[in-house]
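Peer 1: Supplied in structure tokens, the structure appears directly below.
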Amino acid sequence: MYSVPPPGGGSGGRGAEEAVEMPRVYKVWKGSNIFFLRGRFIFGPDVRSLLLTIFLIVAPASIFCVFVARKLMDHFPHHQGISIMVVAVAFTLYDLVLLLLTSGRDPGIIPRNAHPPEPEGYDGSSEVGGGQTPQLRLPRTKDVVVNGITVKIKYCDTCMLYRPPRCSHCSICNNCVERFDHHCPWVGQCIGLRNYRFFFMFVFSTTLLCLFVFGFCWVYIKKIMDADHSSIWKAMIKTPASIVLIIYTFISVWFVGGLTVFHLYLISTNQTTYENFRYRYDRRANPYNRGVVDNFKEIFCTSIPLSKNKFRERVLPEKHGLQTRPVGGGFISPNMGKAVTDLEMGRKAGWGNTGPGMPDLESGMNNDGAENKEGEAEGVENRAAVAQHPRRSSWGRKSGSWEISPDVLAMAAGAAGDSNRIDNSSLNGLN
């Protein structure tokens, strides 16, 4: 149980701080995820749609077992018809397990930084007058080389980190996800590095289940035709459940089957859905394509990396707001004081221009252009805020903006008032 430490000073306050039982990570998680079983399962904020997906799988499978598979058990010799029932039940359970493995695990979330990263080449020794640290604006993008091809990585204002290659920030879950493919509303989870394999297996197995039910419904209709020597229409009238299942699976297989074919193409070319719709590798080289065979091996024959988040561990004091070390440097976001439309998030972030002539962020940009110059007083206020209180990224629906706590503003206002009083007293003394 988490309790607030009693006020105290000196060594007593430090001892009380160490005695505090900090909450677990999943209880103070800044993303939009929903946790179950005390952090053992992590879902997206739209996890309720998972119930609809389960219903769309279990309901037709149950109808098939009761009204079709059970009747077919008597139409095959030596009890061979029971295998149809066994395969239908096993296939349905297998499909549900894959669904849970896709939606209930960490898709590859990169932990957020507590502070912005230090710029490259910064040694921490630069100082300005008055003992204040200089403001250093972090570059918006960095260049990394992947298989001999230069790729730009972006700075994420929400997570305060440079996203690794193929990583993107999901605006629904509010997390940076490695090898981000897309956010699937049917499973209520992001699809990324750690669950893409299970997602494809789930879609593929659902396609096979639809074909299995579709085929044996027609087999049952054929058995009725042979037993009664009737036409196909009279046989279909005798089994309305088969007609409903045939129509349902015929419609469903176009969706899941088409999705299976599309992802087979993505796997063979080593693309993600996000990359396919945004970067169009048919117009330029794909740095991740290693050949069809090696691409399939990468997805299905490599070990899944461990999660970088330990949701059940206790929160460290500085990550929960109890900082045990001072913030040493004025590092500010590259989006500070600017407003743009973030191409990935689909809303205003905080950098660049919004005009139609805006250059492609991935094809190259110049971050050393003209910047908004701030007044001297505003610069002092910002430096004071950085030196005493680290800036916090406004996670949620305000990605890219920065908030300054009210107590910092009050301190700045108080400092300005003291300065005015000193100036007035000096003038009075001269008079």
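Peer 1: Kindly indicate whether Ser32 is of a type in the set (Gly, Ala, Ser) and outside any loop (DSSP other than H, G, I, E, B).
Peer 2: no
Peer 1: Is it true that Val28 is touching a residue at least 12 places away in the same chain (Cβ under 8 Å), surrounded by 14 or more Cβ atoms within 10 Å (Cβ to Cβ) and out of contact with any Asp or Glu (no Cβ under 6 Å at 6 or more places or on another chain)?
Peer 2: no
Peer 1: Give me the pairs: first residue in region 142-156 and open to solvent by 40 Å² or more (accessible area, probe 1.4 Å), second residue aromatic (Phe, Trp, Tyr) and at pLDDT 90 or above, beta-carbon distance under 6 Å, and six or more apart or on different chains, which are they?
Peer 2: Qualifying pairs under 6 Å: Lys142/Tyr162.
Peer 1: While we're on this one: Quick one: which residue in Ile247, Ile224, Ile232 is among the aliphatic types (A, V, I, L, M) and closer than 15 Å to Ala61 by Cα?
Peer 2: Within the list Ile247, Ile224, Ile232, the selection yields Ile247.
Peer 1: Check Ser62, Ser49 and return the single one that is of a type in the set (Ser, Thr, Tyr) and open to solvent by 40 Å² or more (accessible area, probe 1.4 Å).
Peer 2: Details: Ser49 fails: open to solvent by 40 Å² or more (accessible area, probe 1.4 Å).
Just a single option satisfies the conditions, and that option is Ser62.
Peer 1: With respect to the numbered conditions (1) crowded, with 18+ Cβ neighbours inside 10 Å; (2) farther than 30 Å from Ala88 by Cβ; (3) not acidic (Asp, Glu), which one is the sole condition not fulfilled by Cys210?
Peer 2: Condition (2) is where Cys210 drops out.
Peer 1: Could you name every one of the strands (runs of 3 or more DSSP E) located completely within region 156-197 that has at least 2 residues being under 18 Å from Asn309 (Cβ atoms)?
Peer 2: By residue number, 168-170, 175-177, 189-191.
Peer 1: If I filter region 186-199 for residues that are closer than 25 Å to Phe250 by Cβ, in contact with a helix residue (DSSP H, G or I) (Cβ under 8 Å, 6 or more places away or on another chain), open to solvent by 50 Å² or more (accessible area, probe 1.4 Å) and free of Cβ contacts under 8 Å to residues at least 40 places away in the same chain, do I get at least one hit?
Peer 2: Checked against the condition, which is being closer than 25 Å to Phe250 by Cβ, in contact with a helix residue (DSSP H, G or I) (Cβ under 8 Å, 6 or more places away or on another chain), open to solvent by 50 Å² or more (accessible area, probe 1.4 Å) and free of Cβ contacts under 8 Å to residues at least 40 places away in the same chain, region 186-199 yields no hits at all.
Peer 1: Got a number for residues in region 213-223 being out of contact with any Leu (no Cβ under 9 Å at 6 or more places or on another chain) and either under 26 Å from Trp186 (Cα atoms) or open to solvent by 20 Å² or more (accessible area, probe 1.4 Å) (or both)?
Peer 2: Total meeting the criteria: 3.
Peer 1: Another question about this same structure. If you check Arg197 against the conditions, is it charged (D, E, K, R), modelled with pLDDT of 95 or more and within 25 Å of the chain's Cα centre (by Cα)?
Peer 2: Details: charged (D, E, K, R): yes; modelled with pLDDT of 95 or more: yes; within 25 Å of the chain's Cα centre (by Cα): yes.
The answer is yes for Arg197.
Peer 1: Look at Ile243 and say whether it is among the β-branched types (Val, Ile, Thr), open to solvent by 30 Å² or more (accessible area, probe 1.4 Å) and assigned to a helix (DSSP H, G or I).
Peer 2: Yes; evaluated as a whole, the condition is true for this residue.
Peer 1: Right, another one. Just checking, how many residues over region 166-184 are open to solvent by 20 Å² or more (accessible area, probe 1.4 Å) and free of Cβ contacts under 8 Å to residues at least 24 places away in the same chain?
Peer 2: 0
Peer 1: Okay, next question. What's the number of the condition Leu98 fails, among (1) open to solvent by less than 40 Å² (accessible area, probe 1.4 Å); (2) modelled with pLDDT under 95; (3) not in a loop (DSSP other than H, G, I, E, B)?
Peer 2: Against the list (1) open to solvent by less than 40 Å² (accessible area, probe 1.4 Å); (2) modelled with pLDDT under 95; (3) not in a loop (DSSP other than H, G, I, E, B), Leu98 comes up short only on (2).
The values are calculated or read from the model by the stated rules, or taken from the named source; none is laboratory data. Given the structure is predicted, the values throughout are model-derived calculations rather than measurements. All Cβ positions, glycine included, derive from the backbone under ideal geometry; neighbour counts span all protein chains shown. Ligands, DNA and RNA are stripped out before the accessible areas are found, and what is left, the full protein with its side chains, is counted by its heavy atoms. Shrake-Rupley method; radii C 1.70, N 1.55, O 1.52, S 1.80 Å.
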